[in-house]
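Right, one structure below, let's go through it.
Values quoted throughout were computed directly from the atomic coordinates according to the rules given, and no laboratory measurement underlies them. Worth saying up front: this structure is predicted, and the values here are computed from it rather than measured. All Cβ positions, even for glycine, are placed from backbone atoms using ideal geometry, and neighbour counts span all protein chains on display.
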């Protein structure tokens, strides 16, 4: 299992069952804690998504005695210990997701949808996107401009010879950018660069 210290140097080294540092004496809570550590060893995730994954085990293996007490309530009891030990930080995860998505081909509305689909708390997503907009930092639009150029070329190839359709190419590009979460101002800026 990869320790969270490899993700962030301020996080303590991983606890293990062998050295007796697991913070629960209840075997069910101890097992949930260790299972959550196992999930977090591959990377940060939102608290709700972590809870969902643990509870899904009980649903997937309904006759397994081990997972009988893998409930939402028990999973929530374990979260404070994971936060305290530095393994779980939803804001750190949300900032990482925003950083990863902001310079791809998605507009801010699409980024918001993707962050919410990862079960990140809505208030946190809203706050981080507002912070991003207030800093005045702009997204790197190179990837979406290249994709829009390719889309424009395909539309011209398809409709360019048709006199009525060639005037609709710009509208189709606006619509295509809107589906990717770009506002009309951002879409105009992107299309000016084509």
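Based on the reciprocal of the average 1/r between different C-alpha atoms, the Kirkwood radius for the stretch 91-134 equals 10.1 Å. With the Kirkwood sum run over all distinct C-alpha pairs, the stretch 107-162 has a hydrodynamic radius of 13.7 Å. For the chain, the mean residue ellipticity at 222 nm estimated from helices alone is -18500 deg cm²/dmol, where every DSSP H run of n ≥ 4 contributes -39500 (n - 2.57) and the total is divided by all residues, rounded to the nearest 500. Between residue 126 and residue 109, the distance separating the two model label sites (each 7 Å from Cα on the Cα→Cβ line) works out to 1.7 nm.
For the stretch 67-160, the Stokes-Einstein estimate of translational diffusion at 10 °C and a viscosity of 1.306 mPa s comes to 98 µm²/s, using the Kirkwood hydrodynamic radius over alpha-carbon pairs. Using alpha carbon centroids, what distance separates the stretch 107-164 and the stretch 41-105, in Å? The distance from the Cα centre of the stretch 107-164 to that of the stretch 41-105 comes to 28 Å. With contacts taken as Cα pairs under 8 Å and at least 6 residues apart, the chain reaches a relative contact order of 18 percent.
The GNM of the chain, with springs linking C-alpha atoms under 10 angstrom apart, assigns the highest mean-square fluctuation among 136, 181, 86 to 136. Restricting the calculation to Cα atoms, the stretch 142-192 yields a radius of gyration followed by a Dmax of 10.8, 31 Å.
Derived value for the stretch 51-116: Kirkwood hydrodynamic radius 14.2 Å. Basis is the mean of 1/r over every pair of different alpha-carbon atoms. Remark: spin-label model distance residue 142-residue 170 equals 2.8 nm, labels positioned 7 Å along the Cα→Cβ axis. What do you get when you divide the Cα radius of gyration of the chain by 2.2 N^0.38 Å, with N the number of residues? Scaled against compact globular proteins, the figure is 1.40.
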